[in-house]
Structure formats: C-alpha cells, structure tokens
Amino acid sequence: MFNPENINKRIEIEPSQERKIDSTQKGLKELIITESINEKKDIFEEAQGIKTKENVEIKTTKDAFQWAKNCEVGEVEAGEHAFQWAKNCEVGKAKAGEDAFWGAKNCKAGKAEARKSAFWGAKNCEVGEVKAGEHAFRGAENCSCLEEIKAKQIGKYSRGVVVLGKTEGYVYPSVILMKGKVQDKKKQIQDFFQKELKKSRNNEENIFNYLHFFDWEGETLEEGEKILKQRYERNKNLLKDISEETRNYENYNFYFLIKDNSKREEIFSGLKKLRKVEKNSLKDLNDFLPQFESIKEDIQLLSLKDWVKLSEYGEFLDFENTTKEIKEIKEERFKDITLESVLSNPDKYKLKICKQIKEIQDRGEEIRTPQKKERQLQREIQDKKDHLIREAILSSPKKNLINYFEKLSTKKWIPGDITEDIVFATRLHKALEDKEEQTNKEILEQLFIQGKKPLDWKKNRDWISLMENKINTTAWLTHFSKEYTTVKSKDYESSLVESRNREITEIIEHLQEAGIEIPKETKIEKIERILSENKERIPVHLSQDIKTHISAIHSLEGTEQSKLPSKIILETEEDPLKTLQMGQKVIGSCLRIKGGSEQSAVCNAVDINKKVIWAKNEKGEVLGRVLIGINEQGELNAFRIYNNDPRINLKNVFEDFLPFLAKEFKTKLTARGEIKQLVGENWHDDGARDW
C-alpha cells in the first residue's frame, strides 16, 4: 500500500548529490534536496527525478513542480499551483493556494489541499485525503481516493473515479462510492484498487475501464469484478462505438444518475441511435444534475426519450414539489387497496385484477388461489405507482415553466399553446434573467408573449424606409426556399480537418481579444492547457465562447454513420420565435443557452436587417445554418456555416444560394461593411465571411 510517510526512507542518498541548488531554475534533474526551501518564484518547473530528505519542506508563493516528472517529495506548499501537469510523482502532502495536481498523470499523494480545485483532469492518480474549495476530480479519469474527500463538487464529468472512504460535498453520479458496498476488509479493498490502477497506468485491461460505464454491483470484490466484466463484455462493441462517437463525455454524463445497470444498457443502446443535435441537447442536463438528487431513487423509471424531453426544459428542472407528490403516491394513494377490499367491492378500483375477480364472482365461483391474486394485485399496484411517479417527474418542469410564464403574462396558459417555440423562448427568457439582460429580456417578452413581429418596432420600419433605394426590401422580407441534391464531401477526413481548423481559428481570435497570443497551428490539447493556465485573464463571456468551440471540436469526432438525406433544402426564416433557436439547433454555436452569447439570438430575431438561412433534410430536420444581414451600404453579408454533419458538403449549396439571394435583393454579396444593431442590445458580431 502506498504510504507517503515512507517516501524519503526509500531514497538512497549519494553524497555527491547533496549540494545547494537554485530551485527556480527550469528543468533540474536527479537531485536530492537536503534543506528546506522558501521562495517567492516558480520552483522546480519541468524538474525530473527530484527527491527530498526526511523533514525537508518546500514552500513558494508561486507555482511548484509544474510539468515535473518522477519526483518523490515530502511536503510542498505553493501559493498558486502545485504539481500542475505533473507525471509519475509521489508526494507526502501538497498544499496549493489555487489548484493542486491539475492535469496530473500517474501521481500519488498522501494528502492534497487546494483553495480551488484538486485533480482537475487528472488521470491514473491516487490520493489518501483531498480537500478543495471548489472542485475535486472534475473531468478526471481512472483515479482513486483512499480515505476522504471534501469539496463543493466532486467528480463532475469524471470517468472511473473511485472513492473508498467518506465524502463531503455534492458528489456527481459518475463517481463510484465504495463505502458499505463490499464486505471485504478495508486493506483488501485498497490493495485491489491499487493493483487495478497499476494496470491502468500500464494500459492493461482494468476495473476502472468498466466503471466508466457501470456502477459497482456485488457484495465482494470478486463478485463485483465478475459482474462488471460480464456487463462490459456483453456491451463491448456498443460501448466502443459510443466512446468513438464523441470524446466530449459531457454529453453522456447524465446517464450515471441511473444506478440500475440493466436499465443503463438500454440507455447506451438508445444513445447510439440519437442524432448529434439531440445528443448535444442532453449536455444541458449536466448543468442541472444536482436537481435530480431529490428524486434519484426513481430515476430508473425514465427512458432515453424521457431524458431528451427533460433536456428541453433545462432552466425549469426543479423537483421540489415533485418529491411531495411522489411520497403521496408511494405512501398514501394505494394504501387502502388490499385483496380483501377488492374482493368485497371489485367495482371500486380501476385495476385489471378487479375486472378478473368481478368475472369470477359473477360466475358464482370462489377465488381458489388468493396468494397468487395477492401477488398479482401488488405487482399491478407497483406498476401504477411507477407510471404515476414517471408522469410526475416529466410534468414537473412543464408546470414550473407554465408558472413562470403566467407570472410574466398575467394570463392563464392554454394547454394547446405549449409549443416547442414557446417552451424555448421561456427558457431563453429565464437564462437572460440570470444574465441581467434587461432590454433583450423585455424584447423577448414582446415577441413570445405579446406576439409582436419585427416590423412592429419603429427602428425596423425606419431601416426599411432607409434601404428602399439601396435594395429590394420587398424581396428581403419574402420567404425563399431552394432544393439541392445531397453532395457527400469528397474527403470526409479533410472535411473534418476544415471544420476543426475553423473552430480553432475562432478560439485563437477570442484568446487574442483577451491579450493572449498563440500560433495558428496550435493543437487543441495545448489550447486547453493554455486556457487552464490563463483562466483568470480571460473574461467570462470569452471563456464561455471558447468552451463552446472546444465542445464543437470534440463533437466532430466520429459522426454517426446514419443514412445521408436524399436532399438538402435551404430556406430563409421569417418567424422570430424560430430564429431564437438558431444557436440551439446546431452544434458549436455560442448563441445556444449557456453558450455565452445567447442574447445575440434575440437581436437576430428582432432586428429586421438580419436573417437566418436553414439547411434542412427532407424530414425538416436541421442540418446547419448561416446568418445573413444587410450592411449600411445595402450589401449582403453572410457569416460562417454551422454544419451538424461534416459528411455533407453544405458549403457548395450555400455558395449557390447566397448569390441567388443577392440577385433577388438587387445587391451584391460582400464581406465588407458594418451591420447595424437596431432593436436588440449586445449583438455578437463574429465577422462576415468571404464567399
């Protein structure tokens, strides 16, 4: 068993290595630290093979052991970061003013303390105790905590994180809590997971890989390992497909809420069949996982379709009142129904068994198997309870949304009015309320509550009057549609590369806005590292945009091999409530709710000088879209293409459709000029493109 107190006892110190060193020097190698260090600069950056004697303390007000490898040290205290991106290091105790073991790999620690996060994005790491002010093991993979974790949030977006001791804080469902699950002794359990972690470090088949997908079952280690292997083998090909579809595991984090492993297999099977946009919508659930804590015992009643439906209500996923209703269903609603009450009055209850008993009694016969009828009655009651509980869970967010809407509108919501468009607009309104977007929030109310159209605003009518001598304004306000034969990208890989490079370019531009310069050829892995190192320098709105683009890059991996559409339909959108969804219907847009610039969707919906062009298949499903606008010179500007399926060449069809529109509008297509903000506020202009 790993014991950090024994670190220095294992070190054989050679006298030639005992010397004074400059710990601020980068890249120090193979040295024994014999005296305590107290610095005000970064120390042991990119160090290798550094070891300390017993009772030696290492302190700095800055970073310690960033990018370090193969170090064995006792106690380290850093004012900012400790062991960020470290590999193969063993530490007795690490304390950090910011983050500890961020992005670390194959590291061991007796104790880790951090004011912010500990083991964020770590892999194959083991620790005795963890204390973090914010996150512990966020996005971590194949890690174990032997004793105790204290953190505000534990294991968000994690895979294969196992906790053997107690926890304090919100534990995300993907974390495997072992306490009380197996009968083996504590040391046996620790030894078992240490052995499996060693396999993981050597890229061998290991228990952590199974725990990416399934919760622990079995009262002993032997039994649990056997069950996990069986489940994994049974679903191996399917799990591989799911893993390859996307590396952005946030899309699937919600399924860990389901502790019933057999039910989870159904979810896996269903996920494979979902379209990418639907999978992307499931990501919304991850921001609301704590809301499901109160109903976690009944979550296994939900199907994949139920999850997709719940994701449509995002901001209204609150089950406080639902728990009371569920308790009433379980404890009160059926308590008076017994076999005796059914026998005495079978017409009283609307149950199948009552009908059967009534038929037997009408024939003048006796109930010959009362015990069998009792079991049948209890099964039917349980089925009824399950049905009612599921309905209560699914109806709860809709009720919350209706209550919110009625407070805004001072009128009753008619059931037939609950359309997809109104639901989304209400969600967006709630999101803008949280962002304190007062003007756009009021505009949104006028659009979806009062039913106003863009031309009801004087600023829009004035713009039309101003443009009458520059463009064909009648055509600009007209709906256009054109059909195309589906053209598959000649080179799927090159199409992916092009899409990925476009997203990276957007990220680099946002970083430049924050004063951070990086080369254009920088890979996404390095970009993510730069983001973590400079998170304090990047404004929140830019950080959200960048995360959206990173998510889009990950979602490009492994587009499902579904049937290509037979045709592509490009059409302009004139309904402002449909335009509001321009960020939600495509992958990688910062205009989606919680995308960082969702207020821009309101601007594009209400401003008459802006318009969305959808690309749809023959079923009306969105394949992609482009935003267009008229600049102050009366010229047509078009923005980037959002494509949900890189297999399809949308660029070719847009390159045909846009000049066609320009001709109809009696203007020209250009990347120059300024598109004015008319009614909405804080419009996000990400720059017109050359076509």
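Key figures
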item	result
Enumeration of residues in the range 488-507 that are in a helix (DSSP H, G or I), among the charged types (D, E, K, R) and at pLDDT below 75	E493, E498
Filtered residue count, the range 409-452, keeping only those that are assigned to a helix (DSSP H, G or I), at pLDDT below 85 and among the hydroxyl-bearing types (S, T, Y)	1
Condition check for I414: open to solvent by 70 Å² or more (accessible area, probe 1.4 Å) and among the β-branched types (V, I, T)	yes
Hits in the range 609-644 - residues which are open to solvent by 10 Å² or more (accessible area, probe 1.4 Å) and over 31 Å from the mean Cα position of the chain (by Cα)	E632, Q633, E635
Selection within the range 435-472 - more than 18 Å from W683 (Cβ to Cβ) and basic (K, R)	K452, K453, K458, R461, K470
Strands (runs of 3 or more DSSP E) enclosed by the range 31-125 - at least 1 residues per element that are under 36 Å from the mean Cα position of the chain (by Cα) and without any contact (Cβ under 8 Å) to a residue 40 or more places away in the chain	57-60, 72-78, 90-96, 108-114
Matching residues in the range 453-473 - criterion: being open to solvent by less than 60 Å² (accessible area, probe 1.4 Å) and assigned to a loop (DSSP other than H, G, I, E, B)	W457, I471, N472
Top-ranked residue in the range 645-675 [being touching an Asp or Glu at 6+ places or on another chain (Cβ under 6 Å) and of a type outside the set (G, A, S); ranked as surrounded by the most Cβ atoms within 10 Å (Cβ to Cβ)]	T667
Some residue of the range 152-165 being in contact (Cβ under 8 Å) with a residue 40 or more places away in the chain, open to solvent by 10 Å² or more (accessible area, probe 1.4 Å), in contact with a strand residue (DSSP E or B) (Cβ under 7 Å, 6 or more places away or on another chain) and aromatic (F, W, Y)	no
So S481, is it touching a strand residue (DSSP E or B) at 6+ places or on another chain (Cβ under 6 Å) and surrounded by fewer than 15 Cβ atoms within 10 Å (Cβ to Cβ)	yes
Complete set of residues in the range 574-606 that are modelled with pLDDT of 95 or more and of a type in the set (S, T, Y)	T579, S600
Conditions (1) open to solvent by 70 Å² or more (accessible area, probe 1.4 Å); (2) within 31 Å of the chain's Cα centre (by Cα); (3) of a type in the set (K, R): number failed by K430	(1)
Filter result for L274 (among the hydrophobic types (A, V, I, L, M, F, W, C) and within 21 Å of N644 (Cα to Cα))	yes
Condition check for S396: open to solvent by 30 Å² or more (accessible area, probe 1.4 Å) and either within 30 Å of E433 (Cβ to Cβ) or in contact (Cβ under 8 Å) with a residue 12 or more places away in the chain (or both)	no
Matching residues, the range 310-336, being more than 30 Å from E433 (Cβ to Cβ) and open to solvent by 20 Å² or more (accessible area, probe 1.4 Å)	K327, E328, K330, E331, E332, R333, F334, K335, D336
Tally of residues being part of a helix (DSSP H, G or I) and without any contact (Cβ under 8 Å) to a residue 12 or more places away in the chain across the range 508-523	2
Among (1) open to solvent by less than 40 Å² (accessible area, probe 1.4 Å); (2) within 24 Å of the chain's Cα centre (by Cα); (3) of a type in the set (A, V, I, L, M, F, W, C) - the single one V130 does not satisfy	(2)
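The values are calculated or read from the model by the stated rules, or taken from the named source; none is laboratory data. This one's a predicted model, so the numbers in the text were calculated from it and none came from an experiment. We place every Cβ from the backbone using ideal geometry, glycine too, and count neighbours over all the protein chains shown. Heavy atoms of the whole protein, side chains included, go into the accessibility calculation; ligands, DNA and RNA do not. Shrake-Rupley method; radii C 1.70, N 1.55, O 1.52, S 1.80 Å.
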